[in-house]
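Encoded as structure tokens, the structure appears first; notes follow it.
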Protein chains: 4
Amino acid sequence: MTTTAFLGLGAMGFPMAAHLARRASAQGGRALVWNRTAARAADHAARHGSEAVDLGAAAQADVLLTCLPTSAEVDEVLAALQPHLRPGTVWVDCTSGHPEAAARQRALLAEVGVTFLDAPVSGGTNGAQAGTLTVMVGGDEAALRRVEGELAFAGKVVHVGGSGTGFAVKAVNNALLAVNLWAAGEGLAVLGRAGVDLGAALNVINASSGRSNASENLIGQRVLSREFPATFALGLLAKDAGIAAELTATVKGSAPVLAQVAALMRGAAGVVGPEADHTAALKLIEAMNGLELR
Amino acid sequence: MTTTAFLGLGAMGFPMAAHLARRASAQGGRALVWNRTAARAADHAARHGSEAVDLGAAAQADVLLTCLPTSAEVDEVLAALQPHLRPGTVWVDCTSGHPEAAARQRALLAEVGVTFLDAPVSGGTNGAQAGTLTVMVGGDEAALRRVEGELAFAGKVVHVGGSGTGFAVKAVNNALLAVNLWAAGEGLAVLGRAGVDLGAALNVINASSGRSNASENLIGQRVLSREFPATFALGLLAKDAGIAAELTATVKGSAPVLAQVAALMRGAAGVVGPEADHTAALKLIEAMNGLELR
Amino acid sequence: MTTTAFLGLGAMGFPMAAHLARRASAQGGRALVWNRTAARAADHAARHGSEAVDLGAAAQADVLLTCLPTSAEVDEVLAALQPHLRPGTVWVDCTSGHPEAAARQRALLAEVGVTFLDAPVSGGTNGAQAGTLTVMVGGDEAALRRVEGELAFAGKVVHVGGSGTGFAVKAVNNALLAVNLWAAGEGLAVLGRAGVDLGAALNVINASSGRSNASENLIGQRVLSREFPATFALGLLAKDAGIAAELTATVKGSAPVLAQVAALMRGAAGVVGPEADHTAALKLIEAMNGLELR
Amino acid sequence: MTTTAFLGLGAMGFPMAAHLARRASAQGGRALVWNRTAARAADHAARHGSEAVDLGAAAQADVLLTCLPTSAEVDEVLAALQPHLRPGTVWVDCTSGHPEAAARQRALLAEVGVTFLDAPVSGGTNGAQAGTLTVMVGGDEAALRRVEGELAFAGKVVHVGGSGTGFAVKAVNNALLAVNLWAAGEGLAVLGRAGVDLGAALNVINASSGRSNASENLIGQRVLSREFPATFALGLLAKDAGIAAELTATVKGSAPVLAQVAALMRGAAGVVGPEADHTAALKLIEAMNGLELR
């Protein structure tokens, strides 16, 4: 009988933790939840049958899961939990964190016998609700195999390498999202200036070799529709693209396009505002081209 | 009873013209074919029941179709055909041509009563064989509707705007292919330097938001496999990305990422050679990062 | 005794033509001037002793000089002059024109026995007034040597190659100005965010290896001063950087940084307005970085 | 009577320390020198009248100066010196170091009463020999004023802000050098493909608005001459451009051109080798354009 504790009930974490509660109910385990704003944890307990606890109680879980905005918040929670942790716990951090943070966090936790896995997820809020998230995991593979069954929110769990590599893959994935999204915006802006019907052009591209997740699932629904629903903040995508750029520097690699787009995303966040949906980055392209993508 | 003539029996044109021959056989029409190297046309006739003809005979067709390497070859064929053309013919150019060439070609043909449609295709040799190509058409929509039924190689036909816009959409689509492909290469190179298993990383990306046609259908089969099968030449992709860059200049648009990648593709063609498969562009990324993507 | 005719009395042309008038007065020749707005030519005659004439009279000059916004205006003037031109005239076009326009213009004029030299200038309004402009000349070198003495506004005249190469060098020079200016703006924006005193930083850079004409003569006087005096329009610099990008495509070269900056300049012109001084392009950098360069 | 100690007698440090020895001889002070390879320090003492010492003795100086390849070597020397340091010493680090290293180093030294100033220099080996280096200093301004007179190798000393800002300005300066150099190479490559005489083109650019220190002092002497004398290694310039890129990330700034060029410099170092002169980066441009710049 396993006890899990899920810390961070945001747009992603809330439905992810619901899957843990459902599994605990079915398997006879316990699903603890914690959130900075306690009312949200209480709401989770009421809706999904989890147990809202304080950090001291959460630290007693067999499997600790975190899903926070950045590695900085994980550092804070880790500092608060550290006195309460017990050897044998596995900490699964689903934050889109920083590879260098993973090294530091893994080492700190190893001192108290806790295994740290960096395990960011992909699939968005839809995937979180459906329980079909892809989890990319860096760190000790044997520890992953012990807890893998508890990740009830996952459709796919892939071990990608040593500590920090989960964060690295996630950062690169999101950098590719940023590139594919931005480039699609540029392409449509040029076509718009050339008098092309953008809906027809997108239709063609999505049936052709230039298609991407961004062109298929974001441009039509969010940009051409002028809706820009704020589900994944531009500031967070700019952060992730920036992590990929820093990783490139750390490994002394050369990635001119990822670097350029990371800069443009940061610039777009400056112009459009970091709270806007990530697709609103294309409003900078619109300003640079003097037209609206519609 | 319609007579079609297909000019240019290359890797794409050969199977495309076979669909025309099949349709003519079923519908009672004629399917003429012509190729610079006449033996290839004779071979097509033998295999698919088309009629190999000279340019003068081809010019008498109701629907003329061309599928040549660049607009320059179309100009040459057009000059040779012009004395023989007759009013009412519709010319469907499936070349990945240049929007400025379309304007010139459309005007020249209008003088002899021939309607020019720029109608490049997407889907590769697989799509050409299966008859599922996407055709993006610029020019007179009524003329398109008259001949649309003859495009037996098409799975989808989309009218995207006035003359030249078909070429424009194709150039932008291929520029997006170039960007998505190059960026995926950069991302994997950085991950490779960080010690990540690239097969696992690609597996994750293809289940996540950074995926694209390039990551799903090219990187694994052609790059990580080290096969680089030469189906679509790097020099042609560099040409197409260059057309998108020139189009951007023509419409006074701003597309910094498309511009950068067009330059990198041209540079890669310089380093790797224009005859290599387009995915071999990533060998320049490998040289810049001191590793092989495998 | 030579007759010159100077067409286009803008911010550059007006003082350039004054040098021709001064030379004619000293040497016994004639200095004709023409301007689209005739009053400006009359003003030039009154101030500098030139002769304001119509296009028909200007066409009779031994040396015809043009200094117009773009090659399009040169085409218009050429069409108007063509019936009046006489063999033996040398046409020196000081416009920052397009290499492809030079080919066309040279061929047209050769039909009537007129030699076309593309001869753009560098040095700005200060250099025009001081008579110290650098002239970069493409075309027939013997013709250049015959008329070189008449270029009284020049401090330096350099023959750089065949027809169109003068325009090519000018476009690349201005593209380098664009790159050096933009990069200096980026560098200072980053330093500004890091809390560095920008005046001190500029002082250091201008005594160090990162200095450029842009850092030495533009950033301090025009940007940090917040004056942005409109002497060279952003739209024209974007046009020149665009010519360099198109030239790159024409020669199938690879210039990723020039391409990116041409796109950013065009984008900045879209955001800031094409009439602003070229240094105001850095206001886009400011928006992207959330700070003012001061 | 002041005692200085200069640690790191490389291509820059050797002549810099000679100025300290000359000053000590004139003023009655002592000039200690240390080098990892002791023979080089002995040689310095023999040639310039300095005193070759071990690290323990060097730690007793009033002013400690370091000039090492990267901040990592400074960290090593600092660790070795720390037990021997005494309060009141000012440490002037002339390394082209990392802003984040400055924060760490300043804090460590403050614990033992030593003031750390980040004080990188610009001017190259020529400036080091002539004693005309520009020194850009971050950290406590009062401490700088106390020791400024000892910096006998300087032609100009500028305080640019708090701790780390000296390194930041140096990194940005070198990033600008990288951009200006690379862009000049691209421009000449395009002109070369267009058939322009590159010597003439460079002559024009250096008299025009596109000129930079790179075009004036590097392209002609080192690139067009095909000499590429190895005075400043490409790997070090790539490192500096990378520091500027990381600084951009740290301050959440947006610098797309600096980012792109940092990536291209790293890529060029991968292709050409990090030990080559920094101007040899342009050999990657040559490969991408299929021509030699000469």
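The values are calculated or read from the model by the stated rules, or taken from the named source; none is laboratory data. Because the structure is a prediction, the values reported are computed rather than measured. Virtual Cβ from ideal backbone geometry, glycine too; neighbours counted across all protein chains shown.
Brief remarks on what is shown
- Residue count for segment A:193-213, restricted to those that are assigned to a helix (DSSP H, G or I), at the interface with chain B (Cβ under 8 Å from one of its Cβ atoms) and not polar (S, T, N, Q): 5
- Screening the candidates A:LEU258, A:LEU234, A:LEU284 for the property of being at pLDDT 95 or above, out of contact with any strand residue (DSSP E or B) (no Cβ under 6 Å at 6 or more places or on another chain) and more than 22 Å from B:GLN260 (Cα to Cα) yields one hit, A:LEU234.
- Restricting segment C:260-293 to residues that are buried (at least 20 other Cβ atoms within 10 Å of the Cβ), within 7 Å of another protein chain (Cβ to nearest Cβ) and not hydrophobic (A, V, I, L, M, F, W, C), the residue that is farthest from C:GLY185 (Cα to Cα) is C:GLY270.
- Count of segment B:136-175 residues which are outside any strand (DSSP E or B), closer than 19 Å to B:LEU258 by Cβ and β-branched (Val, Ile, Thr): 3
- Scanning segment B:74-96 for residues that are touching a residue at least 60 places away in the same chain (Cβ under 8 Å) and either within 14 Å of chain A (Cβ to nearest Cβ) or basic (Lys, Arg) (or both) yields a total of 2.
- Exclusive hit being at pLDDT below 95, under 27 Å from D:ALA230 (Cβ atoms), within 22 Å of the chain's Cα centre (by Cα) and outside any strand (DSSP E or B), set D:ALA17, D:ALA11: D:ALA11
- Lone unmet requirement of (1) surrounded by fewer than 24 Cβ atoms within 10 Å (Cβ to Cβ); (2) facing another protein chain (nearest Cβ under 8 Å); (3) of a type outside the set (Gly, Ala, Ser); (4) more than 26 Å from D:GLY10 (Cα to Cα) for D:VAL257: (1)
- Being small (Gly, Ala, Ser), on the phi < 0 side of the Ramachandran plot and in contact with a Lys or Arg (Cβ under 6 Å, 6 or more places away or on another chain) is a description that does not apply to D:ALA262.
- Any chance A:LEU198 is closer than 24 Å to B:ALA259 by Cβ and surrounded by fewer than 19 Cβ atoms within 10 Å (Cβ to Cβ): no
- Residues located in segment B:214-224, provided they are free of Cβ contacts under 8 Å to residues at least 40 places away in the same chain and away from chain A (no Cβ under 11 Å): B:GLY220, B:GLN221
- From the options B:VAL137, B:VAL190, residue that is on the phi < 0 side of the Ramachandran plot, within 9 Å of another protein chain (Cβ to nearest Cβ) and either crowded, with 24+ Cβ neighbours inside 10 Å or in contact with a helix residue (DSSP H, G or I) (Cβ under 9 Å, 6 or more places away or on another chain) (or both): B:VAL190
- Selection of segment B:123-181 for residues being more than 29 Å from B:ILE285 (Cβ to Cβ) and of a type in the set (D, E, K, R) yields B:ASP140, B:GLU141, B:ARG145, B:ARG146, B:GLU148, B:GLU150, B:LYS156.
- Filtered residues of segment D:82-135 (kept if part of a loop (DSSP other than H, G, I, E, B) and within 17 Å of the chain's Cα centre (by Cα)): D:CYS94, D:THR95, D:SER96, D:GLY97, D:HIS98, D:ALA119, D:PRO120, D:GLY123, D:GLY131, D:THR132
- Counted residues, segment D:20-60 - those being part of a helix (DSSP H, G or I) and surrounded by 16 or more Cβ atoms within 10 Å (Cβ to Cβ): 12
- Residues that are of a type in the set (S, T, N, Q) and either more than 10 Å from every other protein chain (Cβ to nearest Cβ) or crowded, with 24+ Cβ neighbours inside 10 Å (or both) occur in segment D:231-238; there is at least one.
- Residue selected from segment C:102-132 under the condition in contact with a Pro (Cβ under 9 Å, 6 or more places away or on another chain) and closer than 16 Å to C:LEU81 by Cα, by the criterion surrounded by the fewest Cβ atoms within 10 Å (Cβ to Cβ): C:GLY113
- Within segment B:64-76, the residues that satisfy the criterion of being of a type in the set (Val, Ile, Thr) and crowded, with 22+ Cβ neighbours inside 10 Å are B:THR66, B:VAL74.
- Any hit, segment C:162-173, residues being more than 7 Å from every other protein chain (Cβ to nearest Cβ), among the hydroxyl-bearing types (Ser, Thr, Tyr) and more than 30 Å from C:SER225 (Cα to Cα): yes
- The listed residue being surrounded by 24 or more Cβ atoms within 10 Å (Cβ to Cβ), more than 7 Å from chain B (Cβ to nearest Cβ) and among the aliphatic types (A, V, I, L, M), out of A:ALA143, A:ALA178: A:ALA178
- Residue that is surrounded by the most Cβ atoms within 10 Å (Cβ to Cβ) [pool: residues in segment A:239-254 that are touching a residue at least 60 places away in the same chain (Cβ under 8 Å) and within 7 Å of chain D (Cβ to nearest Cβ)]: A:ALA245
- Filtered residues of segment A:75-113 (kept if of a type in the set (A, V, I, L, M) and closer than 14 Å to A:ALA5 by Cα): A:VAL77, A:LEU78, A:LEU81, A:LEU85, A:VAL90, A:VAL92
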